[in-house]
Amino acid sequence: MNILFIMSDDHAAHAMSCYGSRINRTPHLDRIAEGGMRFDNCFCTNSICTPSRATILTGTYNHVNGCTTLSSALDNRLLTFPKLLQAAGWQTAVVGKWHLGHGPANDPAGFDFWRVLPGQGNYHDPEMIDAQGRRRWPGYATDLITDMSLDWLRARDPSRPFCLLCHHKAPHRRWEPDARHAALYEDTDIPEPPTFDDDYATRSEAAREAQMRIDRDLTPQDLKLPLPPGLSPAAEKRWKYQRYIKDYLRCVASIDDNVGRLLDYLDAEGLAQDTLVIYTSDQGFFLGDHGWFDKRFMYEESLRMPFILRYPREVRPGSVCRDMVLNVDFAPLFLDLAGLPKPAAFQGESFRPLLRGERPAGWQQSMYYRYWMHRDTSHNVYAHYGVRTLRHKLIYYYNDACGQPGATDRPRPPEWELFDLEKDPCELRNVYDDPAYAGVVRELKAELDRLQRQVGDTPFTPR
Ligand code: CA
């Protein structure tokens, strides 16, 4: 049993045609979903790069693995699923974006081969770090990461199983496409999302103060072209959205092509039957939704991870799972499928039965989320935690840095939000103060308390 884990950076599910995208097509990603299973309720436990990556590798929440913010690094002595696979005889590799720190204490561990981008890395002619040191590679990051992944696969020992983590930098900000896709969408307008002109009425100060607005917070470097003169504010916002979303989707198109190359290799080598192929992203992203780019919030577009897998041995082609799975559950799933026991340190649960369409008794109906990086200087999103059930979402903006690295010590009074996802799937109406929801608020606060105890996190206590 082999694992090919492909993860991009900031690729939202609503920019994949297998998830019903209104704005682009992703035929090669769709091959994975068509040949396997699409997960419609896969969520991250902290919607930001470093923390989600740490959770995926270690099977633990961020208060346990120490990677609470972008200013954290992963202690490479921690137990990870690649280490366990390697110890059990798998050939292991990671290529591409790491973003978990560098140096003896943070470089990738548990990999026979690793070659990673420093920090965020560059799209064009990127430097990469491996066991031999640091050098520049001519080419486009998405192509190079795929080339290096294929080179490693070709050179592996075919008599032993493999686990390859192929981590794309794209489509992370600043959304720099390659020449091949630079003219894609040139003559078309990409539709705006229904919440494009959200005015944040009824919502928290956190939503109003976030610095991720299409109309205000995209930089000249993000936009890359000079603003045409004479536009009204509304027309300027629409122009900026087109600039942003087209470059984003061009970067996605390159990922899609390159995923196709990896799938073709598996087919040509007769490996497809025995290889678990995953495509996911470290979190979701706002694609103009609520007037925003970026992530961080517990709102749906940012919380939801695309997660599709193909594993012909156990998964019926074209199936869909609506049960809740979390990034903390990935590592336990991989170990389960590899026939290895889950270590006590891992907090997630294997969802292998869901792959066969069976829901285990007592399977999670709610999830715990925490964003720690209070009011970081670039995006100003306030710290919050909350609970999402299949129907509702309760968010507590505790609005305090709590001494976390990269968070700033600018506290604000706490606030609550409650959304009824059935009646208000776009999360435009905060009903926390609506008396009709008093019972729901009570239940969800109790559930939040239960989840915090279960995962071992502590509630915020005002100073
Ligand atoms: Ca990310």
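Where a number appears in this text, it was derived from the coordinates with a stated rule and is not lab data. Keep in mind it's a predicted model, so treat the numbers as computed, not measured. Virtual Cβ from ideal backbone geometry, glycine too; neighbours counted across all protein chains shown.
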Rounded Å value of the spacing that divides the Cα centres of the range 169-183 and the range 356-400: 30 Å
Pairwise Cα inverse-distance average, inverted: Kirkwood Rh of the range 72-134 (Å): 12.2 Å
Tensor-based shape of the range 227-385 (alpha-carbon gyration tensor, a/c under 1.5 rounded, otherwise prolate or oblate): oblate
Highest average packing first - 23-29, 173-179, Cβ atoms within 10 Å: 23-29, 173-179
Which listed pairs, of K295/K393; K240/K423; K169/K342; K295/K423, have C-alpha distances above 27 Å, in listed order: K240/K423; K169/K342
Positive-end residue of V441, P414, P462, charge dipole of the range 406-463 with Cβ unit charges: P462
Helix-only mean residue ellipticity at 222 nm for the chain, each DSSP H run of n ≥ 4 adding -39500 (n - 2.57), per residue, nearest 500: -8000 deg cm²/dmol
The chain - charge dipole about Cα centre, Lys and Arg +1 at Cβ, Asp and Glu -1, debye rounded to 20: 680 debye
Whether the range 246-340 is rounded, prolate or oblate, judged on the alpha carbon gyration tensor where a/c under 1.5 counts as rounded: oblate
Full-stretch length increase - W363, A182 - with 0.36 nm per residue and alpha-carbon distance subtracted: 60.7 nm
Prolate/oblate/rounded call for the range 327-463, Cα gyration tensor, a/c under 1.5 rounded: oblate
Segments 232-238, 251-257, 347-353, 442-448 sorted - mean Cβ within 10 Å per residue, highest first: 251-257, 347-353, 442-448, 232-238
HN-Hα J in Hz across the range 244-258 - Karplus 6.51, -1.76, 1.60, θ = phi - 60°, x for Gly and Pro: 5, 6, 5, 5, 4, 5, 5, 5, 5, 4, 5, 4, 4, 4, 6
Residues with amide H under 5 Å from that of C321, placed H, sequence gap 5 or more: R38, F39, D40
Approximate spin-label separation D143-S159, in nm, with each point projected 7 Å along Cα-to-Cβ: 3.7 nm
